[in-house]
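Here the structure comes first, spelled out in structure tokens, and everything after it is commentary.
Readers should treat all values here as calculations from the given coordinates under stated rules, not as data from a laboratory. Please read these numbers as outputs of a predicted model, since none were measured by experiment. Here Cβ is always computed from backbone atoms with ideal geometry, including for glycine, and neighbour counts include all displayed protein chains.
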Ligand code: AMP
């Protein structure tokens, strides 16, 4: 097993084997030796590249056995903290190392109990961690490894001041691992503050979309979007579909309509309670729900193995979010499809996305769908390119005339 050559401990190697991993991914190949060497690290890598194991495996190897709380991992969202906790527990199953996730939105009871029992690794969101730091239930004096994950997301969510505060409470003598998909100036400033002579790893180009994802645009009038979504769901051969809405209200509305159409649907957005969010995610992962409608809260980092399709019901607001959303599918080299419903009003957004990813996204039409004329509202003329004008020709083929199949194999 190629993992054997990387210097991981025997018990961690057994954990890796039990997880079913055979070959390290590129980021694991590069990050594991760097982390084991004790160096600080700054890494930019797309989600889905195996980033979590890239830091979890060497950290667990270094920890060896149960002791004091020595590792702190900061995550921007509760879901990510829970996911990292699960990964650490999986990989550490042949050790006596304990991991706890600390995040808000749920009661303190279970977290307190676990903290009292003694933990080695804390995966936390900044807010709830601060609560425990203030009461003294967690102190960071023995932290020897600090992981700052998805730092650009921390910036988006306004967490940077509290993150800086937390970094300042950790011992100066420590190893710091820093992960961020993009490194704008504010993030570079945090890196300069937190890291010492870091090794740098860049996997893939920040802006590229996952190569194993087949993506396509579906031009449609705003009034026909939901009907097209239903028609697409009828036609595609999917296991599980993540559907993105721009707004929480919109997500609820789409979910309600999908339920009426007899689909099993979970909803994930920030207005739902933590328990509802965990239930939605767990149900979607287990297959209880075949569809999940989410806002961009779910577009980064959430690991839902087996997502076969991402459908952007709404075009994302930021080009970066397009990359993050479709990063949910095609994770770790599985092939996935990502479809975006586009109305004439979205012409500028699409142009920005294509510029951002440096590629043109093919336009498709769904065969047999009763398209109305694709027209822009008068105040914002669209520039339909290629496929828009070809209504009724050639079914769901790439609008540029390419002849490949797009995975419509009929469902069930
Ligand atoms: P991550 O980028 O850490 O969110 O990982 C994305 C997905 O890839 C997760 O489902 C991991 O379990 C999976 N994964 C990570 N590393 C490997 C590996 N070496 N072999 C197979 N699957 C992996």
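Spin-label model, residue 239 to residue 165: label points 7 Å out along the Cα-to-beta-carbon direction sit 4.2 nm apart. The shape of the range 213-357 comes out rounded: with a ≥ b ≥ c from the C-alpha gyration tensor, a/c is under 1.5. A full extension of the chain between residue 96 and residue 354 corresponds to an added length of 88.1 nm, given 0.36 nm per residue minus the alpha carbon distance. Note: relative contact order over the range 2-203, using C-alpha pairs below 8 Å and six or more positions apart, is 28 percent. Remark: the residue 286-residue 133 segment gains 51.6 nm on full extension, using 0.36 nm per residue and subtracting the alpha carbon distance.
Here the gap between residue 116 and residue 367, fully extended at 0.36 nm per residue and compared with their Cα-Cα distance, gives a gain of 84.4 nm.
First check a/c for the range 2-203, with a ≥ b ≥ c the square roots of the eigenvalues of its C-alpha gyration tensor; if it is under 1.5, answer rounded, and if not, answer prolate when a/b is larger than b/c or oblate otherwise. Since a/c reaches 1.5 but b/c is at least a/b, the shape of the range 2-203 is classed as oblate. Take the Cα of residue 142, go 7 Å toward its beta carbon, and the backbone nitrogen atoms of the range 99-127 under 16 Å from that spot belong to 99-100, 114-123.
Would you please classify the overall shape of the range 1-87 from the alpha carbon gyration tensor, given that a ≥ b ≥ c denote the square roots of the eigenvalues, rounded means a/c under 1.5, and beyond that prolate means a/b larger than b/c while oblate covers the rest? It is rounded, given that a/c, with a ≥ b ≥ c, falls under 1.5.
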